[in-house]
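Structure, as structure tokens:
The values are calculated or read from the model by the stated rules, or taken from the named source; none is laboratory data. Everything quoted here is computed from the prediction, not taken from an experiment. A quick note on method: Cβ atoms are made from the backbone with ideal geometry, for glycine too, and the neighbour counts reach across all protein chains shown. The area values use the complete protein model at the heavy-atom level, side chains included, leaving out ligands, DNA and RNA. Shrake-Rupley method; radii C 1.70, N 1.55, O 1.52, S 1.80 Å.
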Amino acid sequence: MATVLSVSGSPSASSRTNRLLRHLDRRLTAQGHEVIPLDVRTVPAEALLGADFKHPAIVEVTELFERADGIVVGTPVYKASYSGVLKALLDLLPQYALLGKTVLPLATGGSTAHVLAIDYALRPVLSSMGAAHIVQGWFTLDKDITVQDDGSLSVAPAATEALTQVVDQFSTALGRRPVLAAAG
Ligand SMILES: Cc1cc2nc3c(=O)[nH]c(=O)nc-3n(C[C@H](O)[C@H](O)[C@H](O)COP(=O)(O)O)c2cc1C
């Protein structure tokens, strides 16, 4: 099956976006994909803020993007857009780091006023980086994501249904990606 890089773009230590992505990773893994989690907040700040393209952590992240067939990009909505740390990382990747990749954009936010942030803010950036296929994304309200006392995640039923649908569409799109013929 496919290799999926699951990128959480929240700077928060108790991130709902991160929890949601790791929850969805399990569904992709169960469908036979190899899922590699990446939390942008673990990338050294000096590399991100100093635009250090040659920093070993940035080189490593670039290789993870190269290896992946599919990328899940999850972000909290901050100030009506995607997070600054996510942008800081994307800025350090090669211009066409998403060339040939299938991408699933996801967002969490506090207000339905910004439900379209994926489409007006994130999608154009992913497209400019060469993404072959950006499947339908989903915006989940933060109040629909709850961490239970035992640490497990609970997602409101309507959001679960929508997220299951977009994850499964992403999984199907990964299965349909063209297989490049070996050079002869
Ligand atoms: C600095 C900041 C700015 C925010 N701006 C918005 C916003 O413009 N629109 C919105 O819907 N939610 C906004 N929120 C709410 C977050 O998007 C929401 O709580 C999200 O689930 C947080 O995700 P996280 O826990 O992964 O960081 C903001 C939160 C913070 C901390």
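Observations on the structure shown:
- Carbon + sulfur, % of accessible area of the chain - ligands and nucleic acids excluded, 1.4 Å: 56 percent
- Among the chymotrypsin sites (Phe, Trp or Tyr not before Pro) in segment 31-129, those placed in a DSSP loop whose Cβ has at most 13 other Cβ atoms within 10 Å are F53, Y96.
- When the chain is reduced to its Cα atoms, the Kirkwood hydrodynamic radius in Å: 16.6 Å
- Among the trypsin sites (Lys or Arg not before Pro) in segment 67-139, those placed in a DSSP loop whose Cβ has at most 13 other Cβ atoms within 10 Å are K79.
- Cα-centred dipole magnitude for the chain, charges only on beta-carbon of K, R (+1) and D, E (-1), debye, nearest 20: 260 debye
- Overall shape: prolate for segment 111-168, with the ratio a/c of the largest to smallest alpha carbon gyration tensor axis at 1.5 or above and a/b above b/c.
- Share antiparallel - DSSP beta bridges, the chain, percent rounded to 5: 15 percent
- Our coupling estimate for segment 138-146, obtained by passing each phi through the Karplus curve with A = 6.51, B = -1.76, C = 1.60 and θ = phi - 60°, is 8, 9, 10, 5, 4, 5, 8, 10, 10 Hz, Gly and Pro reported as x.
- Averaging the Cα positions of each part gives two centres, and for segment 1-58 and segment 146-170 these lie 18 Å apart.
- Cα gyration tensor category, rounded, prolate or oblate, for segment 41-130 with a/c compared to 1.5: oblate
- Across the chain, the mean sequence separation of Cα contacts (distance under 8 Å, 6 or more residues apart), normalised by length, yields a relative contact order of 21 percent.
- Shape call, segment 1-95: gyration tensor on alpha carbons, a/c limit 1.5: oblate
- In this structure D119 has an accessible area near 80 Å², from a 1.4 Å probe over the protein heavy atoms.
- Rounded accessible area per residue of the chain, 1.4 Å, Å²: 50 Å²
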